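> Mind looking over this structure? Questions follow.
The values are calculated or read from the model by the stated rules, or taken from the named source; none is laboratory data. Predicted model only: the values in this text are computed from it and were never measured. Every residue, glycine as well, gets a Cβ built from its backbone with ideal geometry; the counts of neighbours run over all protein chains shown. All accessible areas refer to the heavy atoms of the entire protein, side chains included, with ligands and DNA or RNA removed. Shrake-Rupley method; radii C 1.70, N 1.55, O 1.52, S 1.80 Å.
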Amino acid sequence: MVKLEIDGQKIEVEEGTTILEASKKAHIKIPTLCYEENLSIFGGCRLCVVEIEGEDNLKPSCATMVQEGMVVQTHSPTVREVRKNLFELIIASHDIDCNLNCLTCSRSQNCDLREIAADIGVTEIRVPPLDKGYDVDESSFSIVREPNKCITCGRCIRKCEEIQGVGIFTTANRGPSTIVTTFEDKGIGNVECTNCGQCILACPTGALHEVYHYENVWDALHDKDKHVVVQTAPATRVAIAEPFGAEPGTVATGQMVAALRRLGFDKVFDTNFTADLTIMEEGTELIERINNEGTLPLFTSCSPGWIKFIEHQYPEYLDHVSSCKSPQQMFGAVAKSYYAEQHNIDKDDLVVVSIMPCTAKKFEAVRDEMKEDVDYSLTTRELSRMIKQAGIDIMNLEDEDYDQLLGVSSGAADIFGSSGGVMEAALRTAYEIITGTELDNIDFNNVRGLEGLKEGSVVINDMEIKVAVANGLGNARILLEKMKNGEEYHFIEFMACPGGCIGGGGQPLPASNEILEKRMEAIYDIDKNKKLRKSHENPMIKKIYEEYLGEPGGHKSHELLHTHYKERGI
Amino acid sequence: MNSDKFLDRAHDIQDTYGYIPEGEIDKMAKEFDVPRAKVYGSIRFYSMFYTEPTGKYIIRVCDSLSCHINDSKSIVDSIKNYLGIDDGETTENKKFTLEVVECLGHCGEGPVMMVNDEMYTHVSKNMALDIIKDCT
Ligand code: SF4
Ligand code: SF4
Ligand code: FES
């Protein structure tokens with residue numbers, strides 16, 4: 001342990017702690033811009049500088065380790081002066097003028113720069129803003145980049161490379177002409193970007209955001225000739241309350257349903273329903289592959305960021321990927337066939353909207369293989385915008401229930417929103433279908449939690465099934481490399497985002513580890529409190545197979561619920 | 001990434017092609033096991049590397065402090081005018097590329113310019129244009 005003094009507070013911290021972390025423990029907030037937990041230290045913005053007794057120069061607290069007997073001042077007059085000057089320069093490069101109006105920025109509600117400005121107490125801006133005049137990168141179906149707002153903190157670069165193992169962004173040039181760009185300046189949509197949106201969560205400014213579709217949804221809602229239905233992904237219900245000031249981890253399922261009805265959707269359904277359906281189809285596929293010596297391990301296919309990752313980076317493994325469409329796409333397919341036929345709705349008049357914690361879903365929805373299924377895919381953030389635009393006081397609404405049939409789901413579907421959840425849901429069902437006996441304990445604790453890589457095994461009918469779970473694409477890469485080196489599994493769940501969909505690139509900001517943990521707990525609470533906790537016991541799932549689909553893995557299912565992938569190269 | 005090895009590779013490629021083509025960056029990314037954006041960014045960090053084909057003659061005019069004081073700007077402007085290209089651009093016939101650069105190491109003899117490996121000091125506007133006209 002190391003003893004030191006920060007702003008007159010004597011504290012003791014472990015060796016190897018940075019001054020920034022130690023200050024946090026002493027309840028002192030130092031402004032940071034290029035620092036982000038989970039990422040390597042860059043030490044570039046210098047906003048976090050502090051004064052250390054006996055040292056001539058100010059030191060960046062994010063990159064300086066504590067030492068025995070250190071005396072640190074985090075907000076001395078010199079520090080405050082320097083910080084203010086630095087911030088003015090950063091702000092100038094962010095081009096705050098009428099072109100980049102804060103009012104119209106994607107981050108108007110939660111901009112790091114504005115928070116820092118308030119913390120530092122900026123009262124004037126002496127440096128004239130730089131008009132960098134770069135073009136907006138609109139090459140992607142999912143992500144937009146506005147380089148004029150970029151302050152070159154490098155967080156997106158590190159997030160994409162270190163956490164996602166992809167590496168889309170880089171800096172080019174040096175000094176004041178440094179820019180953040182992509183390979184050969186091609187634009188995000190023309191390189192191997194997975195659309196996961198993790199870079200959006202890392203960006204302290206509005207330089208990165210999703211491609212917005214909510215205006216199209218407003219148009220559809222106001223069009224009298226259209227029948228507009230909506231589906232909500234599992235992870236949205238534990239995050240939608242956050243932009244309205246509620247504590248992270250607040251479960252707002254019923255209030256979200258009520259708000260969606262008020263927005264004017266004709267039917268409010270649940271992606272959970274097709275999550276249960278996914279388990280039936282994917283579980284059947286797993287059993288078939290095991291019984292018929294098919295390609296193993298089977299890889300899950302729910303996460304479109306993961307799918308694009310493997311298509312670019314590991315195409316040699318594509319035949320491991322389940323042919324099941326993701327729950328979002330299955331929902332679209334079922335709505336436009338079964339639901340439309342049952343209710344005599346012309347397919348052309350039916351608009352399917354999805355609310356997703358995900359930016360990659362936007363790309364998935366326009367994939368050639370299945371672009372008919374879902375018309376508009378919105379992020380949780382976009383839904384919160386619509387609710388605000390409509391003046392709906394969501395947190396004070398009475399809970400309402402999803403509409404019947406496509407709105408009924410089990411707890412197994414809820415946990416799809418968390419890393420390990422798809423695996424657990426599949427095991428609950430596969431075990432009972434194969435053995436014909438009921439599971440004593442349906443909680444598979446070793447695949448739960450925020451850890452990036454998890455492994456476990458289950459014995460089903462004397463056969464040991466080895467499973468693994470990876471979240472965050474960097475971890476997906478590690479697991480695939482392990483397989484290359486001979487490690488064997490039967491079934492692997494992959495999710496592109498750290499923590500799974502609860503930490504999705506379309507979720508509300510901020511998204512710290514602590515917030516992710518709370519969302520995850522909330523998801524497992526929903527499951528625990530549900531009576532129905534296994535996908536194969538969902539009565540509406542039984543009904544749709546009886547009435548319409550026939551058998552899991554059968555002909556009709558294959559036509560509607562399954563898809564294929566393609567090698568994309570780098 | 002071993003940076004000596006990296007720079008050696010980049011120089012070799014540039015010596016072969018006159019610039020560093022996309023496909024070569026892909027190969028370097030595999031060789032050094034890093035994302036191709038990173039290779040691209042590292043190359044763009046150094047002003048001596050090109051990611052696009054350059055002209056037969058690369059004209060570099062220094063605009064560091066001491067040359068700037070000796071009116072290097074007017075030289076840059078007259079070259080721009082004469083060739084009809086901007087800083088960093090190449091003429092359509094692929095003959096000339098113009099680059100305004102930092103210090104060429106002859107601060108006492110400014111303004112200075114280089115054409116490929118040839119250094120010229122105490123350059124005037126007319127001299128600059130004559131040098132260019134002499135390039136065949
Ligand atoms: S969306 Fe994901 S893969 Fe694409 S640039 Fe952002 S972090 Fe990287
Ligand atoms: S785009 Fe955002 S995260 Fe990336 S360098 Fe610029 S400001 Fe930082
Ligand atoms: S936050 Fe420490 S240098 Fe940027």
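> With the full set of protein chains in place, find how many percent of the accessible area of the protein assembly as shown is carbon and sulfur; take the probe as 1.4 Å.
Heavy-atom surface of the protein assembly as shown belonging to carbon and sulfur, 1.4 Å probe: 46 percent.
> Next question, about the same structure. Could you give the C-alpha radius of gyration of the range A:235-312 expressed as a fraction of 2.2 N^0.38 Å, taking N as the number of residues it contains?
Working it through for the range A:235-312, the quotient is 1.55.
> Charges on Cβ only, +1 for Lys and Arg, -1 for Asp and Glu, centred on the Cα centroid of the range B:3-45; of B:Gln14, B:Ile25, B:Pro35, which one is farthest towards the dipole's positive end?
B:Pro35
> Before I look further, what does the range A:215-561 give for accessible area per residue, probe 1.4 Å, in whole square angstrom?
I get 36 Å² per residue for this part.
> Beta carbons within 10 angstrom, averaged per residue: use that to sort the peptides B:95-103, A:205-213, B:79-87, highest first.
A:205-213, B:95-103, B:79-87
> For the range A:143-177, state which residues have at least 10 Å² less accessible area in the presence of all protein chains than in their chain by itself, taking the probe as 1.4 Å and leaving out ligands, DNA and RNA.
Going by heavy-atom accessible area, the residues of the range A:143-177 that drop by at least 10 Å² are A:Glu161, A:Val166, A:Gly167, A:Thr170, A:Thr171, A:Ala172, A:Asn173, A:Arg174.
> I'm checking a number: the convex hull volume of the Cα atoms of the range A:274-361, normalised per residue, in Å³. What is it?
Roughly 116 Å³ of hull volume per residue.
> Taking only DSSP H segments of four or more residues, each worth -39500 (n - 2.57), what value at 222 nm results for the protein assembly as shown once the sum is divided by all its residues, to the nearest 500 deg cm²/dmol?
That calculation yields -10000 deg cm²/dmol at 222 nm.
> What order do you get for A:296-303, A:134-141, A:51-58, A:521-528 when each peptide is scored by the mean count of other beta carbon atoms within 10 Å, highest first?
The most tightly packed comes first, giving A:296-303, A:521-528, A:134-141, A:51-58.
> Same structure, new question: What is the Cα convex hull volume of the range A:2-91 when expressed per residue in Å³?
Here the figure is 91 Å³ per residue.
> Let me ask something else about it. Quick one: if you take sqrt(5λ) for each eigenvalue of the C-alpha gyration tensor of the protein assembly as shown, what semi-axes come out, biggest first, whole angstrom?
One finds semi-axes of 50, 31, 26 Å for the protein assembly as shown.
> Something else: Using only atoms on other chains, find how many Cβ atoms lie within 10 Å of each Cβ of peptide A:184-196 and report the average.
2
> Can you pull the mean other chain C-beta count within 10 Å for peptide B:38-47?
Whole-number average of other-chain Cβ neighbours for B:38-47 is 6.
> Ok, one more. Mind checking how much accessible area B and A bury in total, 1.4 Å probe, in Å² rounded to 100?
1500 Å²
> Something else: So which lysines pass the test for A:Lys542, namely a Cα distance under 25 Å, with those fewer than 8 places away in the same chain ruled out?
A:Lys267, A:Lys325, A:Lys336, A:Lys347, A:Lys528, A:Lys530, A:Lys531, A:Lys534, A:Lys556
> What list of ³J(HN,Hα) values in whole Hz, one per residue of the range A:353-369 in order, does the Karplus curve 6.51 cos²θ - 1.76 cosθ + 1.60 (θ = phi - 60°) give from phi, with Gly and Pro shown as x?
10, 10, 10, 10, x, 9, 9, 5, 4, 5, 5, 4, 5, 10, 4, 3, 5
> Same structure again: Need one value for A:19-26: mean number of C-beta atoms belonging to other chains within 10 Å of its residues' C-beta atoms.
For peptide A:19-26, the averaged partner shielding equals 0.
> Going by average Cβ neighbours within 10 Å, how do the peptides A:439-452, A:363-376, A:387-400 rank, with the highest at the top?
A:363-376, A:439-452, A:387-400
> Next question. Using modelled amide H (1.01 Å from N, peptide plane; none on Pro or chain starts), what sits under 5 Å from the amide H of A:Val2, excluding residues fewer than 5 places away?
Under 5 Å from the amide H of A:Val2 lie the amide H atoms of A:Val13, A:Glu14, A:Glu15, each far enough along the sequence or on another chain.
> Relative to the first principal axis of the alpha-carbon coordinates of chain B, what is the inclination of helix B:72-83, with its axis defined by its Cα atoms, in degrees from 0 to 90 and to the nearest 10?
Once rounded, the angle reads 80 degrees.
> Can you give the Rg to Rh ratio for the range B:3-45, taking only C-alpha atoms and Rh from Kirkwood?
0.91
> Enumerate the amide H contacts of A:Val211 below 5 Å, restricted to partners 5 or more residues apart or on another chain; note that Pro and chain-start residues carry no placed amide H.
Correct list: A:Ile143, A:Val144.
> So how tilted is helix B:125-134 from the main axis of chain B? Cα-based, degrees 0 to 90, rounded to 10.
60 degrees
> With no solvent and one equal point scatterer placed on each C-alpha of the range A:427-570, evaluate the Debye formula and give log10 I(q)/I(0) for q = 0.09, 0.10, 0.16 Å⁻¹, two decimals.
Values, matching the q order: -0.39, -0.48, -1.22.
> May I pose another question? Test of understanding: in a Gaussian network model of chain B with alpha carbons linked when under 10 Å, which of B:Pro35, B:Pro21, B:Pro53 would top the mean-square fluctuation ranking?
Greatest mean-square fluctuation among the candidates belongs to B:Pro35.
> Mind listing the lone cysteines of chain B, meaning no other Cys beta-carbon sits under 4.7 Å from theirs?
Cysteines lacking a close Cβ partner in chain B: B:Cys103, B:Cys107, B:Cys135.
> Same structure again: Lys and Arg at +1, Asp and Glu at -1: add these up for the other residues within a Cβ distance under 14 Å of A:Lys226 and post the number.
Charge balance near A:Lys226 sits at -4.
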